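First comes the structure, then the notes that go with it.
The values are calculated or read from the model by the stated rules, or taken from the named source; none is laboratory data. Note that the structure is a prediction, hence the values are computed from the model and not measured. All Cβ positions, even for glycine, are placed from backbone atoms using ideal geometry, and neighbour counts span all protein chains on display. Note: accessible area is taken over every heavy atom of the protein model, side chains too, but ligands, DNA and RNA are not part of it. Shrake-Rupley method; radii C 1.70, N 1.55, O 1.52, S 1.80 Å.
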Amino acid sequence: MRKYFGTDGVRGKANVFPMTASFALRLGQAAAQQFKNGKKAHRIVVGKDTRISGYMFENALVAGICSMGVDAVQIGVIPTPAIAFITRSLRADAGVVISASHNPYYDNGIKFFSSEGLKLPDEVELAIEQKTDSMVHGGEVSISAENIGKAYRIDTAVGRYVEFVKSSLDKDLDLMGMKIVMDCANGSAYRVAPMAMMELGANVTTIGVEPNGTNINDGVGSVHPEKSAELVRKQGADVGISFDGDADRVIFTDENGEVVDGDIIMGICARQMKLEGRLNKNTLVATVMSNYGFEKSMNGIGINLERCAVGDRYVLAKMLEGGYNIGGEQSGHMIFSDYNTTGDGMVSAIQLLKVMRRTGKRLSELKQFIELFPQVLINEMVEKKVPLEELTASAALIRKAEEKLKGRGRVLVRYSGTENKIRVMTEGDDHDEITEIAQDITKSITDEIGRK
């Protein structure tokens, strides 16, 4: 079991353990020691989003990295996927991201990329945790003064990433005349996203491009797509694009102002890739949370859907395992592995705009072949996490529900990864039926465990 790392790095409230400056320094030392791995490691890339606490964590991490004889390359405020790209581009030993994604400004997080721009496997995160604990309890490794690392900034990262994103659009296409509303969540995409789209010829109206350290995700971004939807309708724009705070996920609105989530965008892009012969093994990867109707719709056009656990790291693991080149989540985390090694909101946006340009169709037309089933999700706090198979009555009820919905719906019951919370999701063609099933299962579980 990992002690500090969750599904996407170490995360928590800034200045509250483990998200403290002193812990970040030790984490930087431990990571440098891990990536050094007996060789003469030379540099680790460090980037961040726009949170006010990012300055504190950046300095602490850099100090820890340099104290272990490794150079720190600071690239400032830039999207998370850009850090994966720059790490590969610079042939660095690792990349560090200081961000809490879509969370409020008072939260922050630290996550790592390998030299290949990949999220770290569980066993590597566990090794870093163990080294961190050793550092915290006095096991610091001594580095001689002449071998201490250097810290330096590079100013070319933004330009490099913009060109990288633009290169994911086919050379025979541009965005001339396309009217786009873009919400950058007052986060890390506030400069690069409008720049890339405008350089490709789009007419861009922006929201959330005035970060002040405390307004990231505050009423804007992918968790509030209604902002861009309203402006799309008002301006008669072609599409709305809403990023989260670190721009590794994106949600869209069509020209009518209707929200279009990651499932539908993946489906549209996968269908086009299949038509063009670019969809590896005619398969896309989605998580257990993706809609059952989405799976049925994809199967109906000859595309297989492979499911995995929630989290973009697990999506990528399944993609690498099967040799697939598209995968993602409802939330807007989408991985197009022909272009980047992690979820990339800007590359995802380009892929959808590419389909719109190539087909000449509006987003409302492109999404019509996907029919989503009604979905009910109930979250309930419980006293503790008891393995579901040990809850005799509830397990029997779940099996009965699964049999009842077989072929026309599904049941998904799981615990939250960070809280004592049970999540019960049902999907099917009858909303009243799946609501009753979800309520009955939730009541049974909370009766057996106890509500918190």
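What's the whole-number percent of alpha carbon pairs in the range 195-273 lying beyond 19 angstrom? Mind dumping the intermediate values first?
Numbers: 1252 of 3081 pairs.
Summing the P(r) tail past 19 Å for the range 195-273 gives 41 percent.
Specify whether the C-alpha gyration tensor of the range 107-161 places it in the rounded, prolate or oblate class, a ≥ b ≥ c being the square roots of the eigenvalues: rounded for a/c under 1.5, otherwise prolate if a/b is larger than b/c and oblate if not. Walk me through the intermediate numbers first.
Values: a/c = 2.26, a/b = 1.25, b/c = 1.81.
The shape class here is oblate.
Toward the positive end of the charge dipole of the chain, with +1 on the Cβ of Lys and Arg and -1 on the Cβ of Asp and Glu, the farthest Cα among Met381, Val220, Gly76 is that of Gly76.
Given C-alpha coordinates of the range 257-409, what is the ratio Rg to Rh with the Kirkwood estimate of Rh? Don't skip to the answer; put the middle values down first.
Working: Rg = 17.1 Å, Rh = 16.8 Å.
We get a ratio of 1.02 for the range 257-409.
Given that compact globular proteins tend to follow 2.2 N^0.38 Å, what is the ratio of the alpha-carbon Rg of the range 76-119 to that value? It would help to have the intermediate numbers written out before the result.
Working: Rg = 10.8 Å, N = 44, 2.2 N^0.38 = 9.3 Å.
Taking N as the residue count of the range 76-119, the ratio is 1.16.
Packing here is the average count of other Cβ atoms within 10 Å per residue, and on that basis the peptides 381-394, 85-98, 156-169, highest first, run 85-98, 156-169, 381-394.
Annotation: average projected area of the chain is 22.0 square nanometres, based on the convex hull of Cα atoms across all directions. Seen from a random direction on average, the alpha-carbon convex hull of the range 1-124 projects onto 6.7 square nanometres. What's the long-distance tail for the range 150-207, i.e. % of Cα pairs beyond 16 Å? Here the long-distance tail beyond 16 Å is 49 percent of all Cα pairs in the range 150-207.
The percentage of C-alpha pairs in the range 400-452 whose separation is greater than 15 Å is 46%.
Element breakdown for the range 278-396 at a 1.4 angstrom probe: carbon and sulfur atoms account for 48% of the accessible area.
Computed extension gain for Lys384 through Val259, at 0.36 nm per residue and net of the alpha carbon distance, reaches 41.4 nm.
Placing +1 on the Cβ of every Lys and Arg and -1 on the Cβ of every Asp and Glu, with nothing else charged, gives the chain a dipole about its Cα centre of roughly 960 debye. Evaluated at q = 0.14, 0.18, 0.22 Å⁻¹, a Debye calculation over the C-alpha positions of the range 85-229 (equal weights, vacuum) places log10 I(q)/I(0) at -0.92, -1.25, -1.41. Full extension of the chain between Thr156 and Lys13 gives 48.3 nm of extra length, using 0.36 nm per residue less the Cα-Cα distance.
Just so you know, the averaged projected area of the alpha carbon convex hull for the range 240-339 sits at 6.4 nm². Excluding same-chain neighbours fewer than eight residues apart, the lysines reachable from Lys274 by a Cα-Cα span under 16 Å are Lys354, Lys367. Straight-line cross-link partners of Lys48 among the lysines, defined as a Cα under 28 Å from its Cα and at least 8 positions apart when in the same chain: Lys3, Lys13, Lys36, Lys39, Lys40, Lys111, Lys119, Lys131, Lys150, Lys166, Lys227, Lys318. The calculated Kirkwood hydrodynamic radius for the range 227-298 is 13.6 Å, given to one decimal from all distinct C-alpha pairs.
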